[in-house]
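Right, one structure below, let's go through it.
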Amino acid sequence: MIARTSGHRGCEQVAIIRRDRVGARRVDAGPPAVGTWPAAIPPLSWASVTDIREIPVRTLSDQPTTLGELAGGKALLVVNVASKCGLTPQYTGLVELQQTYGPRGFSVVGVPCNQFMGQEPGTAEEIEQFCSTTYGVDFPLLAKVDVNGDDRHPLYQELVRTADAEGAAGDIQWNFEKFLVGSDGAVVGRFRPRTEPKDPAVVSAIEDVLG
């Protein structure tokens, strides 16, 4: 697994899991503070796959596809996104990563989710318009899904098994959690929401998978 940590101004580059129940928060302060509840990790099942590129997903326009069909043999940075979050400006860094590394066989994949304080309430058309006009998003966006809980999408059932640099797997903390997937479909890195897209740890991990 590719995972590096380095701090600046007291913030982790690959953040330690924060365990407060986000539903109890009434402000958009990003990932909640450290608490005591255990992160949920889905049980293994016969349906589990080792290559997440094979899991059925739907595009933002509601067309059936897979990550493999959507991005071919590219390395991927899969990010649960939201339009009305304090971390939404991370779209800028994600677009810059796409522009920098796209020609080398890399793609960001955005996954809208409305589970964190209802910060992605729009329709598919509203999400697409916001992303294109506000940030110039040119990477693929999937249909809105749940990333935690009983209705967690199968894609995230697999992704959350991956631990971060501190060894913590389980629930997505907040909007803009990032998973780096190699061209072979293996999940090789997990970066918590406050880790900026162009953080040296993320950039170094992308460079490593691209070779």
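The values are calculated or read from the model by the stated rules, or taken from the named source; none is laboratory data. Please read these numbers as outputs of a predicted model, since none were measured by experiment. Every residue, glycine among them, receives a Cβ derived from its backbone with ideal geometry; neighbour counts consider all protein chains shown. Note: areas computed on protein heavy atoms with side chains; ligands, DNA, RNA excluded. Shrake-Rupley method; radii C 1.70, N 1.55, O 1.52, S 1.80 Å.
Worth a mention:
- Solvent exposure of the range 109-211, expressed per residue, is 36 Å² of accessible area, with all protein chains present and a 1.4 angstrom probe.
- Along its three principal directions, the equivalent ellipsoid of the range 135-211 from the Cα gyration tensor extends over semi-axes of 20, 16, 13 Å, largest first.
- Under-5 Å amide H pairs with Val188, H placed in peptide plane, nonlocal only: Leu180, Val181, Gly182
- Average Cα contact separation per residue, the range 106-211, under 8 Å, 6 or more apart, as relative contact order %: 20
- Residue-level accessible surface for Phe106, protein heavy atoms, 1.4 Å, Å²: 0
- Karplus-based coupling profile of the range 166-173, in residue order and whole Hz: 8, x, 9, 9, x, 3, 5, 6, with θ = phi - 60° in 6.51 cos²θ - 1.76 cosθ + 1.60 and x standing for Gly or Pro.
- Sequence ranges 126-133, 153-160, 83-90, ranked by mean other-Cβ count within 10 angstrom, highest first: 153-160, 83-90, 126-133
- Our note on the geometry: Cα centres of the range 77-138 and the range 194-211, 17 Å apart.
- For Asn80, the residues 5 or more places off, or on other chains, whose built amide H falls under 5 Å of its own are Val111, Phe176, Glu177.
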